[in-house]
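Below is one structure; the comments refer to it alone.
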Amino acid sequence: MRKPTAMLLLAIVLGAGLAGAGWYGHDRAHRRDVAVRQSLAAAPAAAQAIFSYDYRSFDASVANGKGFATGGFADEYAQTTTALKSNAIAEQAIVRASVSATGVVRKKPTRYNPGGGAIDAAFRLPAAPGSVDLAYLYSVFSHLPEAHLRVYLGELARVLAPGGRVFLTAFVEEGVPPVVVNPPGYAFERCSGPLHVVRYERGHFAGLLEAAGFRVDRFDHGAETDGQSGVYLALEPAGGPIPTT
């Protein structure tokens, strides 16, 4: 009689474990969905505050934007706006940013969302063609293998308006192989997990940008977080190598 009792207890324990796992998975999904809704609700106000400014009240504009900047981006925002102030005042610049659409992309970069969908020819950013004036990709291309990077560039070219601009960061160096994932001893003493660092050779990276229809207006080597380079693009026929200033 003991053996059936033991088997029954085991079945109950397993059932409880499965029920607990199911509850945990449901709870995680619920919290994720709540976070997505909150992020989408906050995105328009955040984008408008961060990218809008008025030369007549520049400090107040920046203070408003700082309320939405956190972590490393807060430091970068402070540096960028400090450098921008004199030009904004000299040019009497007034910038009013608006958000045409918001959305969440659930795709499958191995590092961050292994359960997402594939990044392939069917991949779409949540924006209409020609509806975006500025795209900002900080520490995105630094984790993308070439196949995914080509897809992202194609989508950026699709959604940007003529003359649209892009700021991105990436690991770009001279005198190295075209693309290397997690190169030993580069950027970090030890890489942590897949696609921690994807490094591109400078000429090869420039060719990918040119093929997608982008011109590089500015290239700041190693100026961003962890030695990434800052790259400023315009959606125009590309011409020539990446400039050095």
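Computed values, structure above
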| item | result |
| --- | --- |
| Members of the stretch 64-78 found to be of a type outside the set (Phe, Trp, Tyr) and not in a helix (DSSP H, G or I), listed by number | Gly67, Ala69, Thr70 |
| Filtered residue count, the stretch 174-215, keeping only those that are of a type in the set (Asp, Glu) and surrounded by 17 or more Cβ atoms within 10 Å (Cβ to Cβ) | 2 |
| Residue match in the stretch 165-187 (condition: modelled with pLDDT of 90 or more, closer than 26 Å to Ala46 by Cβ and small (Gly, Ala, Ser)) | yes |
| Residue check for Ala83: surrounded by fewer than 16 Cβ atoms within 10 Å (Cβ to Cβ), under 23 Å from Leu168 (Cβ atoms) and at pLDDT below 90 | yes |
| Hey, Tyr136 exposed (fewer than 15 other Cβ atoms within 10 Å of the Cβ) and among the hydroxyl-bearing types (Ser, Thr, Tyr) or not | yes |
| Matching entry among Gly154, Gly222, Gly230 (being over 20 Å from Ala121 (Cα atoms), in contact (Cβ under 8 Å) with a residue 40 or more places away in the chain, out of contact with any helix residue (DSSP H, G or I) (no Cβ under 9 Å at 6 or more places or on another chain) and not charged (D, E, K, R)) | Gly230 |
| Search result, residues across the stretch 139-151 that are surrounded by 20 or more Cβ atoms within 10 Å (Cβ to Cβ) and either more than 15 Å from the chain's Cα centre (by Cα) or free of Cβ contacts under 8 Å to residues at least 12 places away in the same chain (or both) | none |
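For every residue, the table says whether it meets (1) modelled with pLDDT of 85 or more; (2) among the aromatic types (Phe, Trp, Tyr); (3) surrounded by fewer than 13 Cβ atoms within 10 Å (Cβ to Cβ); (4) in contact with a Phe, Trp or Tyr (Cβ under 7 Å, 6 or more places away or on another chain).
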residue	(1), (2), (3), (4)
Ile89	yes, no, yes, yes
Val99	no, no, no, no
Arg111	no, no, no, no
Ser131	yes, no, no, no
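The values are calculated or read from the model by the stated rules, or taken from the named source; none is laboratory data. Predicted model only: the values in this text are computed from it and were never measured. Don't worry about glycine lacking a Cβ; one is built from the backbone with ideal geometry, like all the others, and counts go over all protein chains shown.
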